[in-house]
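In what follows, a single structure is set out as structure tokens and then discussed.
The values are calculated or read from the model by the stated rules, or taken from the named source; none is laboratory data. It should be emphasised that the depicted structure is a prediction, and the values quoted were computed from it without experimental measurement. Backbone-built Cβ (ideal geometry, glycine too); neighbour counts: all protein chains shown.
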Amino acid sequence: GFEYKSIKFVVITDNEMIGVHKRTSTSKSKKQKKGKKIESFLDLNIGDYVVHENSGVGRYTGIEQITVNNIKKDYMKLVYQGGDNLYVPIDQMDKVQKYIGVEEDKVKLNKLGTNEWTRAKAKVKKEIEDMTKELIELYAKREKVKGYKFSKDTPWQGEFESLFPHQETDDQLRAIEETKKDMESDKVMDRLICGDVGYGKTEVAIRAVFKACMDQKQVAVLVPTTILAQQHYNTFKERFEGYPIRVEVLSRFKTPKQQKQIIEDAKKGLVDVLIGTHRIISKDINMPNLGLVVIDEEQRFGVKHKESLKKIKSTVDVLTLSATPIPRTLHMSLSGIRDMSVIEEPPQERHPVITYVTEAKESIIQDEIERELGRGGQVFFVYNRVERIEEMASMIQRLVPDAKVAIAHGRMTSKDLENIILGFLNKEFNVLVCTTIIETGMDISNANTMIVYDADKMGLAQLYQLRGRVGRSTRQGYAYLMYEKDKSLSEIAEKRLKAIREFTEFGSGFKIAMRDLEIRGAGNILGSQQHGHMAVIGYDLYVKMLNEAIKKVKGEVVSEDIDVEIDLSVNAYIPDNYITDELIKIEMYKKIASIESKEDMYEVQEELEDRFSDIPKSVETLLKIAYIKTLCKKLKIEKVRQIKDEILLNPLTRYKTKEKIGYNIVNELEELLENMCNLKSN
């Protein structure tokens with residue numbers, strides 16, 4: 001606001017009157033992102049298991065340069081059962097994916113020259129098609145059911161949203177918009193909000209809940225833990241203050257008498273928002289005006305719980321929040337069965353959590369606790385064995401005598417646990433020695449150091465969730481993942497800790513989910529079993545076949561995937577003196593293989609020139625071959641072969657094609673081939 005004293009004129013903003021300060025930042029990027037492309041995020045290293053779509057599971061041993069008739073080309077070398085080698089031309093590397101299926105020691109290599117792989121693929125394809133039909137029918141029924149059509153935003157909605165004390169990110173605003181659009185249609189909503197830990201998924205849910213309440217609808221918020229239920233209850237109460245919305249929580253922090261009263265009031269329609277664990281989907285809970293169900297941290301619930309929730313009311317809108325999406329959910333969304341909004345943009349002024357993996361040493365524990373307390377902060381010390389948790393608390397008290405240490409675990413009475421958590425929130429304690437009970441729901445901005453003892457015994461997604469409890473404010477967060485001194489870690493534990501240390505940057509939730517799949521092995525993503533057909537053909541190929549099956553069942557046109565084989569007498573490779581690092585070389589080969597248009601080709605060319613200087617002739621040829629492949633796919637040409645001064649196209653559909661598609665593509669292809677192979681027009 002401002003004041004002109006000379007003319008007795010004052011302007012006061014709404015925020016000054018209401019007393020809420022919204023943090024804004026002038027550095028906020030206004031650049032609108034295009035639709036997110038979710039990839040498998042996996043790099044290929046020498047020794048990794050891979051799947052070749054036509055030859056099966058092999059092991060990648062590196063890139064080899066082979067010269068035939070004075071023509072140099074790079075090939076990916078894959079080793080199969082019995083020591084057989086397969087050399088895959090680099091321009092066909094899109095046929096090779098990293099294998100994710102079962103743990104490494106259980107991977108079975110295929111044998112070249114047998115029908116084993118073809119039979120395995122055919123069997124999986126049949127199973128996928130059967131399963132897809134069932135699933136599509138299930139979701140088609142849901143599509144046909146007319147849901148409740150929520151009204152457009154009320155003036156109160158606008159006022160309520162303006163009270164949000166932070167600056168929303170573009171991704172957040174888009175997720176909110178998409179959710180509201182779903183609610184305002186008569187289709188039953190089934191939307192998944194995927195966003196990293198602390199990226200503002202809850203705010204998306206809060207606005208949807210408020211919208212539902214404005215139409216006199218009741219809302220059920222389902223969460224996996226008592227602590228998260230309490231945290232959500234506090235957040236919702238605070239955000240809805242001043243509005244006629246009654247929020248209640250059903251948890252063990254409430255007495256049996258209080259619980260009975262809440263259930264009774266919910267039945268009468270007096271409770272607008274009911275938050276709780278799976279207790280709220282029990283048969284004795286009845287919400288007559290239920291219009292929206294919010295499921296937080298979906299992967300923590302069993303399929304049974306989720307299904308019984310949907311049965312409560314076939315016309316209920318469902319909004320699911322997930323930080324490390326289980327691949328089943330992720331790919332149901334990608335396959336177009338469910339709608340999904342991705343929040344990839346971190347909140348402003350946030351820093352990625354600095355992560356260390358180290359042996360458990362008293363000196364490190366002491367130093368880190370003292371450093372955090374020295375800046376007025378608080379510390380989570382996670383130890384997941386209740387029997388010895390008091391010993392750990394005593395050790396910390398001995399190492400840091402000034403620390404105010406408290407203990408929290410799931411076997412405590414609800415009253416004691418509530419007092420401890422509230423005490424920690426109110427800064428009565430500055431070190432909380434606890435089990436993984438704090439994995440979800442603890443949002444304490446002053447706690448920015450976490451020490452996880454015996455981190456090697458925990459799952460990757462669990463470590464990721466735990467680490468998300470710190471660094472939730474503008475302060476730098478630190479996580480120390482410790483394992484016992486002199487202990488030799490299992491290969492899987494070592495991989496987990498390495499992955500969590502690698503993925504410290506923002507938006508790592510997807511990467512974590514994918515890497516967890518790679519380490520643990522994957523099951524049938526659309527069934528509840530953990531090890532299914534995916535173990536046979538690998539994750540990427542399974543998902544590709546699944547997407548095709550879903551398109552077929554939905555009646556969509558599945559474009560035929562044409563394998564284009566290009567055999568030209570030209571040098572097409574990346575020289576070692578141009579890109580020396582093999583991993584970077586593979587990265588660039590991948591980008592070249594994914595060229596689908598002339599614009600793509602120019603983009604990759606620009607990147608190569610920008611990163612590695614002027615491109616050599618052999619690289620320029622490689623780019624042109626990738627583009628030629630794209631043109632051939634459009635013309636349904638499967639093979640381009642050079643014999644001396646002639647180029648043969650197979651099948652030869654040139655004249656038919658000219659009439660159908662027009663001369664442009666054919667002429668462009670001919671011109672490219674003539675120039676590249678130094679041929680005269682023929």
Across (1) more than 33 Å from the chain's Cα centre (by Cα); (2) more than 18 Å from ILE584 (Cα to Cα); (3) not aliphatic (A, V, I, L, M), PRO616 clears everything bar (2)
- prompt: Does region 69-83 contain at least one residue that is farther than 26 Å from ASN577 by Cβ, part of a loop (DSSP other than H, G, I, E, B) and free of Cβ contacts under 8 Å to residues at least 40 places away in the same chain?
  reply: yes
Scanning region 615-642 for residues that are touching a strand residue (DSSP E or B) at 6+ places or on another chain (Cβ under 9 Å) and either assigned to a strand (DSSP E or B) or among the hydroxyl-bearing types (Ser, Thr, Tyr) (or both), the one nearest to MET676 (Cα to Cα) turns out to be THR621
In the set ILE562, ILE586, ILE566, the lone residue that is at pLDDT below 85, farther than 30 Å from LYS126 by Cα, among the β-branched types (Val, Ile, Thr) and outside any helix (DSSP H, G or I) is ILE566
_Meets criteria (modelled with pLDDT of 90 or more and either outside any helix (DSSP H, G or I) or farther than 24 Å from GLN465 by Cβ (or both)) for ASP402_ = yes
Over region 223-254, the set of residues among the aromatic types (Phe, Trp, Tyr) and part of a loop (DSSP other than H, G, I, E, B) is PHE240, TYR243, PHE253
Filter region 1-24 for residues that are surrounded by 11 or more Cβ atoms within 10 Å (Cβ to Cβ) and part of a loop (DSSP other than H, G, I, E, B); the one that is modelled with the lowest pLDDT is ARG23
*Examine region 165-177 for a residue that is touching a helix residue (DSSP H, G or I) at 6+ places or on another chain (Cβ under 6 Å) and modelled with pLDDT under 85, and state whether such a residue exists.*
no
Given (1) more than 30 Å from LYS617 (Cβ to Cβ); (2) touching a Pro at 6+ places or on another chain (Cβ under 7 Å); (3) at pLDDT 60 or above, LYS73 misses just (1)
Would region 448-461 turn up any residue that is part of a helix (DSSP H, G or I), more than 27 Å from ILE407 (Cα to Cα), at pLDDT 70 or above and touching a helix residue (DSSP H, G or I) at 6+ places or on another chain (Cβ under 8 Å)? no
Taking region 322-361 and the residues there that are in contact with a Leu (Cβ under 6 Å, 6 or more places away or on another chain) and at pLDDT 70 or above, the one that is surrounded by the fewest Cβ atoms within 10 Å (Cβ to Cβ) would be VAL357
Note: among VAL204, VAL197, just one is outside any helix (DSSP H, G or I) and in contact (Cβ under 8 Å) with a residue 24 or more places away in the chain, namely VAL197
Restricted to region 56-89 and to residues being under 21 Å from ASN45 (Cβ atoms) and among the hydrophobic types (A, V, I, L, M, F, W, C), the residue farthest from the chain's Cα centre (by Cα) is LEU86
In region 211-222, anything over 17 Å from GLN259 (Cα atoms) and either in a helix (DSSP H, G or I) or within 25 Å of the chain's Cα centre (by Cα) (or both) is listed as LYS211, ALA212, CYS213, MET214
Scanning region 445-474 for residues that are surrounded by 23 or more Cβ atoms within 10 Å (Cβ to Cβ) and aliphatic (A, V, I, L, M) gives ALA447, MET450, ILE451, VAL452, ALA455, LEU460, ALA461, LEU463, LEU466, VAL470
Report yes if some residue within region 235-249 is closer than 30 Å to GLY459 by Cα and assigned by TED's automatic domain parsing to the domain that holds GLU168; otherwise report no. yes
Taking region 157-181 and keeping only residues that are basic (Lys, Arg) and more than 20 Å from the chain's Cα centre (by Cα), one is left with LYS180, LYS181
Flagged in region 272-307 as of a type in the set (S, T, N, Q) and modelled with pLDDT of 90 or more, in numbering order, are ASN289
